[in-house]
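The values are calculated or read from the model by the stated rules, or taken from the named source; none is laboratory data. What you see is a predicted model; the values in this text were computed from it and never measured. Backbone-built Cβ (ideal geometry, glycine too); neighbour counts: all protein chains shown. Just the protein is used for accessible areas: all its heavy atoms, side chains included, with ligands, DNA and RNA removed. Shrake-Rupley method; radii C 1.70, N 1.55, O 1.52, S 1.80 Å.
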Amino acid sequence: MTSLAEGTLMNTTDRHRAEHKESYACWLQYHKIEDAALVEEYRNWCGNLEILTVSLVMDSAQKELLRGISSMIGSEPDIFAETTSPSGLVLATMESLGGRIIVDFNQLNDDGYVIKAVEEAGQKHIYLVGKKDAGVLYASFHLLRLLQNRENIKKLDILENPKNQLRMINHWDNMDNSIERGYAGLSIFYKDNQFTNEWNRIEDYARLLASVGINGVSINNVNVHKVETNLITSEFLPKVAETAGIFRAYGIKTFLSINYASPISLGDLTTADPLDPSVREWWKTKAKEIYQYIPDFGGFLVKADSEHRPGPFTYNRNHADGSNMLAEALEPFGGIVIWRCFVYNCLQDWRDRSTDRARAAYDHFKPLDGQFHTNVILQIKNGPMDFQVREAVSPLFGAMEKTNQMLEFQIAQEYTGQQRHLCYLVPQWKEVLDFETYAKGEGSPVKRVVDGSLFNNKFSGIAAVSNIGNDYNWTGHTLAQANLYGYGRLTWNPDLSAEAITSEWIEQTFGHDEAVMETVSQMLLDSWRIYENYTSPLGVGWMVNPHHHYGPNVDGYEYSVWGTYHFADCHGIGVDRTVKTGTGYTSQYFKENEAMYESLETCPDELLLFFHHVPYTHVLKSGETVIQHIYNTHFEGVEQAKRLVQNWTELKDKIDGERYEDILKRLQEQAEHAKEWRDIINTYFYRKSGIQDELNRKIY
């Protein structure tokens with residue numbers, strides 16, 4: 001029997017589906033195809049479904065194909081099982097395909113698939129074949145993407161494997177319904193320190209994730225508070241198991257963030273020392289209990305010894321000691337430990353210029369290379385600081401060849417406009433993934449480190465902090481849906497171009513109008529640089545209001561004292577991270593990158609202030625001085641933000657009213673906020689430097 005509360009929650013989801021159809025559906029629109037000839041062609045190839053494998057995941061594939069095909073071509077396919085069907089789709093795994101078509105399964109990994117169109121004996125079949133059922137699900141979404149984009153399907157012959165083994169979303173959701181760094185409403189999982197039971201919405205979310213190849217999700221905040229500590233107890237494990245069941249049907253494993261001090265908080269122990277036998281036994285017993293509820297539980301995500309979180313440092317142990325203890329507990333069940341490398345002392349004296357937060361992760365973890373168990377993965381943020389609009393790539397990538405590594409992005413725009421500003425992050429992520437580490441000489445980009453191919457790692461992948469909440473459009477800013485879509489596609493295949501991913505998303509989300517395609521594509525692809533222009537110059541970062549990280553405040557970051565993160569004075573600006581005169585951070589890179597960043601002559605302008613403290617009159621490679629660059633980019637950024645509004649208004653009659661108005665309001669806010677950034681930043685540096693703008697523009 002459904003309770004009143006549950007019924008209310010379910011109705012909220014149904015109402016969102018009905019009242020906000022396009023906004024809620026994201027890129028799974030499945031709009032009716034108006035081209036009669038194309039409908040007939042698709043019906044000939046997709047008018048029936050033959051299902052040769054039975055499983056929960058195959059059921060999900062079947063449901064999605066029925067939903068998508070019937071919506072697009074106006075008639076629902078008939079279902080056939082274990083018999084040869086007339087023309088239509090054939091869904092099979094390696095075990096069930098038999099000899100219907102020849103597939104070299106040695107070319108497929110566990111999530112890989114083949115899509116092949118075959119005309120045989122007067123019938124037209126498209127085979128969706130995976131090594132396992134998850135591959136069939138991904139093939140189904142791939143085919144639906146082709147249909148949405150009105151592609152020719154007559155000669156399909158596709159073989160796809162994800163490049164990354166683990167493709168994960170990290171939620172920072174709290175059980176009081178809040179989301180740390182959440183900008184799209186409240187949690188879809190929790191309310192009032194209980195699970196919401198909003199299972200329909202969670203299933204729709206699982207559909208979105210599976211459609212772009214996500215196969216792992218952690219469902220609670222890495223900062224594990226008192227109530228969330230209990231998620232690994234019998235009080236909440238039945239609900240965790242129910243949630244995991246929804247994700248399981250879409251090929252997604254469920255993970256939990258844990259409190260490292262759980263043996264004290266939940267048990268009767270007085271210590272959480274990872275080398276204490278009683279602590280080790282406590283975690284082994286706890287792991288066994290969790291797997292009794294969730295047999296395919298993914299494992300633990302751990303933030304330890306940073307920003308007041310407990311960890312092994314309390315007991316004079318290192319991070320290998322701490323993670324290995326958990327790894328041993330999970331190993332019998334096939335679980336993994338994802339150990340975050342975001343470790344630094346937030347109570348350091350930041351006025352000391354030799355103190356450099358950027359050094360922290362490398363200094364803590366590099367000496368431990370080779371000491372981690374094989375089911376431990378170190379999760380490393382894309383940069384050494386904290387998801388800034390521009391920062392150097394973390395030197396930890398490639399530095400630990402004997403240790404599993406995965407990359408952490410942030411889809412949530414904590415420092416990039418918080419989903420109130422348009423800031424499309426796929427171009428930024430592409431730069432990170434393509435960054436040459438030189439770990440094994442040329443040809444060692446980050447993407448080869450984190451996909452495991454460079455060092456033949458047992459476990460590897462990419463994770464990102466989620467940007468979704470219970471807003472009717474999931475992401476607050478409708479255009480922020482592109483970041484979630486783009487993250488999934490890029491994690492599946494880092495070699496995809498930003499332009500290709502962008503076009504895919506626009507067609508599935510807004511349709512095929514050429515003006516919409518061209519305008520929205522340009523807006524998205526330009527937006528990261530636009531945001532950078534009116535906020536933080538030349539890689540220096542921060543300059544945001546403390547704690548909530550939104551809006552300009554040049555000296556305001558909570559762990560900064562008197563501008564520590566940029567060291568601006570009347571003479572110059574920037575952080576000296578060189579070996580010769582600074583913190584020595586550049587030495588953490590392989591020699592080719594160390595030499596590039598160490599020298600003022602070869603350091604890229606966009607990272608100049610990340611690596612060097614220079615006079616305001618220092619001349620950039622562009623020919624501008626640093627101070628003039630600050631003035632110019634902030635004025636330019638405002639004009640660019642205004643043009644985003646203007647470009648969007650030209651699409652008024654081509655976008656449904658709800659999404660048009662929602663996006664317009666966000667862009668208008670962005671344009672106004674860009675002015676605030678411009679005026680505060682330019683005024684600060686005019687007063688600090690005493691140098692006039694060469695163009696004599698108004699600076700307050």
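If you go through region 76-97, how many residues are at pLDDT 90 or above and either assigned to a loop (DSSP other than H, G, I, E, B) or open to solvent by less than 70 Å² (accessible area, probe 1.4 Å) (or both)?
As a first pass, look at region 76-97 and keep what is at pLDDT 90 or above: 76-79, 87-97.
Next, only the ones that are either assigned to a loop (DSSP other than H, G, I, E, B) or open to solvent by less than 70 Å² (accessible area, probe 1.4 Å) (or both) stay: 76-77, 87-97.
Counting residues in region 76-97 that are at pLDDT 90 or above and either assigned to a loop (DSSP other than H, G, I, E, B) or open to solvent by less than 70 Å² (accessible area, probe 1.4 Å) (or both) gives 13.
Of all the residues that make up region 401-419, how many are touching a helix residue (DSSP H, G or I) at 6+ places or on another chain (Cβ under 7 Å) and farther than 21 Å from residue 537 by Cβ?
Number satisfying all stated conditions: 6.
Just checking, which of 413, 371, 419 is open to solvent by 10 Å² or more (accessible area, probe 1.4 Å) and out of contact with any strand residue (DSSP E or B) (no Cβ under 9 Å at 6 or more places or on another chain)?
371
Of all residues in region 510-552, count the ones that are assigned to a helix (DSSP H, G or I), in contact (Cβ under 8 Å) with a residue 40 or more places away in the chain and of a type in the set (Ser, Thr, Tyr).
Of the residues in that region, 4 qualify.
Sort out which residues of region 471-509 are farther than 19 Å from residue 168 by Cβ and assigned to a loop (DSSP other than H, G, I, E, B), and write them in order of number.
Correct list: 471, 472, 473, 476, 477, 495, 497.
When residue 681 is evaluated against the numbered criteria (1) surrounded by 21 or more Cβ atoms within 10 Å (Cβ to Cβ); (2) under 29 Å from the mean Cα position of the chain (by Cα), which criterion, by number, is the only one it fails?
Checking residue 681 against (1) surrounded by 21 or more Cβ atoms within 10 Å (Cβ to Cβ); (2) under 29 Å from the mean Cα position of the chain (by Cα), the one that fails is (2).
Mind counting the residues in region 277-335 that are of a type in the set (D, E, K, R) and closer than 15 Å to residue 376 by Cα?
Qualifying residue count, region 277-335: 4.
Can you tell which of 19, 64, 50, 41 is open to solvent by 80 Å² or more (accessible area, probe 1.4 Å) and either at pLDDT 95 or above or not aliphatic (A, V, I, L, M) (or both)?
Every option except 19 fails the conditions.
What residue, of 219, 246, is of a type in the set (Val, Ile, Thr) and in contact with a His (Cβ under 8 Å, 6 or more places away or on another chain)?
219
Filter region 422-452 for residues that are buried (at least 19 other Cβ atoms within 10 Å of the Cβ) and free of Cβ contacts under 8 Å to residues at least 40 places away in the same chain and give the result.
Passing the criteria: 445, 448.
Has region 474-493 got any residue that is closer than 24 Å to residue 592 by Cα and either touching a residue at least 24 places away in the same chain (Cβ under 8 Å) or surrounded by fewer than 21 Cβ atoms within 10 Å (Cβ to Cβ) (or both)? Can you show your working first?
In the first step, residues of region 474-493 are kept if they are closer than 24 Å to residue 592 by Cα; the result is none.
No.
Search region 597-616 for residues that are within 15 Å of residue 580 (Cα to Cα) and touching a residue at least 12 places away in the same chain (Cβ under 8 Å) and pair each with any residue that is of a type in the set (Asp, Glu) and crowded, with 16+ Cβ neighbours inside 10 Å when their beta-carbon atoms are under 8 Å apart and the residues are at least 6 apart or on different chains.
Qualifying pairs under 8 Å: 611/576; 611/598; 612/576; 613/576.
So which of 271, 229, 285 is open to solvent by 40 Å² or more (accessible area, probe 1.4 Å), of a type in the set (S, T, N, Q) and more than 21 Å from the chain's Cα centre (by Cα)?
Among 271, 229, 285, only 285 is open to solvent by 40 Å² or more (accessible area, probe 1.4 Å), of a type in the set (S, T, N, Q) and more than 21 Å from the chain's Cα centre (by Cα).
Residue 645 is checked against (1) under 30 Å from residue 513 (Cβ atoms); (2) in contact with a Leu (Cβ under 6 Å, 6 or more places away or on another chain); (3) buried (at least 21 other Cβ atoms within 10 Å of the Cβ) and fails just one. What number does that condition carry?
For residue 645, the exception is condition (3).
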